[in-house]
């Protein structure tokens with residue numbers, strides 16, 4: 001009986017371990033074949049030349065990186081991967097771009113910013129200011145949005 005129990009536990013542990021997705025280290029990019037007619041296009045931006053600082057103690061909030069936002073973009077997703085900074089521009093279709101520039105609290109805009117954060121990135125607006133979770137909470141208060149959780 002104990003062999004069956006050990007087998008069952010090991011089988012369950014293996015099933016649970018294989019179903020956990022690995023976290024992404026960069027923001028998801030739009031494949032080149034899917035850019036035509038897409039509402040949102042994520043493209044890598046040219047690498048910004050920033051000096052790599054020596055290893056420092058972990059701080060609560062890292063300093064804001066130097067972000068160069070090209071004209072016409074509303075948001076840039078900045079990720080750190082092994083000390084290298086990668087910037088991904090988030091382009092919207094013209095109608096969505098107009099909506100997000102006037103009302104950044106709307107769903108499509110928040111969805112793209114959250115996708116960046118889920119990939120371990122930080123979101124910066126065209127002004128160079130970081131859009132934090134506190135900013136998102138302020139947007140939700142503005143539209144009095146209620147979010148229901150499953151549990």
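Is at least one residue of region 126-145 under 15 Å from residue 43 (Cα atoms), surrounded by 17 or more Cβ atoms within 10 Å (Cβ to Cβ) and touching a helix residue (DSSP H, G or I) at 6+ places or on another chain (Cβ under 8 Å)?
Going residue by residue through region 126-145, those that are under 15 Å from residue 43 (Cα atoms) are none.
No, the conditions are met nowhere in region 126-145.
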- Message: Within region 42-63, does at least one residue satisfy the condition of being surrounded by 13 or more Cβ atoms within 10 Å (Cβ to Cβ) and modelled with pLDDT of 85 or more?
- Response: no
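The values are calculated or read from the model by the stated rules, or taken from the named source; none is laboratory data. Note that this is a predicted model, so its numbers are computed, not measured. Ideal geometry is used to build each Cβ from the backbone, glycine not excepted, and the neighbour counts take in all protein chains shown.
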